[in-house]
Amino acid sequence: MDYIRKLPLLMALAAAIITGLMGYINQVRNNENMTNMLIVMVVFYIVGLLIRGTILEAIETNRKKEEERIQEEKRIAAEKEKEEKRKKKENEKDSGGSIDMVADEDLDLGIREDEFHALPIADYITKELNE
């Protein structure tokens, strides 16, 4: 992020150095070379400002979209939670309101009356109660 802030200055300095070196190689007079370097610095500084503004705007737009997406996910999660709570309440009302139990008189467990043996403790209790 620090480089984005310094982008116009870095572009202007790099362009001025390249222009100065090219002028020195081509043996341009110093006054003319300095004028060319100054003009190139101003132009590239302005271009750098435009590029920095565009990049920062894109970053800010991306950040806003991310925040909106997170808020939308939170809203959807809250709605799902409310819906689940509502369904639980409806299920509790339905299940708690009426109990449907049917007793079957013809239930056959496979044990006859004469096969049933009470536990010895039952005999003991009945003897003690009779006394």
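The values are calculated or read from the model by the stated rules, or taken from the named source; none is laboratory data. Remember, predicted model here, so these are calculated numbers, not experimental data. As a convention, Cβ positions derive from the backbone with ideal geometry for all residues, glycine included, and neighbour counts pool all protein chains shown.
Quick one: in region 67-108, of everything that is among the hydrophobic types (A, V, I, L, M, F, W, C) and at pLDDT 75 or above, which residue is nearest to the chain's Cα centre (by Cα)? Out of the qualifying residues, it is ILE70. Taking (1) of a type in the set (A, V, I, L, M); (2) outside any helix (DSSP H, G or I); (3) touching a Pro at 6+ places or on another chain (Cβ under 7 Å) in turn, LEU49 satisfies each apart from (2).
Listed here are the residues, each with its yes/no results for (1) in contact (Cβ under 8 Å) with a residue 60 or more places away in the chain; (2) in contact with a Ser or Thr (Cβ under 9 Å, 6 or more places away or on another chain); (3) among the β-branched types (Val, Ile, Thr); (4) exposed (fewer than 10 other Cβ atoms within 10 Å of the Cβ).
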position	(1), (2), (3), (4)
ALA12	no, no, no, no
VAL40	no, yes, yes, no
ILE46	no, no, yes, no
LEU49	no, no, no, no
ILE59	no, no, yes, no
LYS65	no, no, no, no
ALA77	no, no, no, no
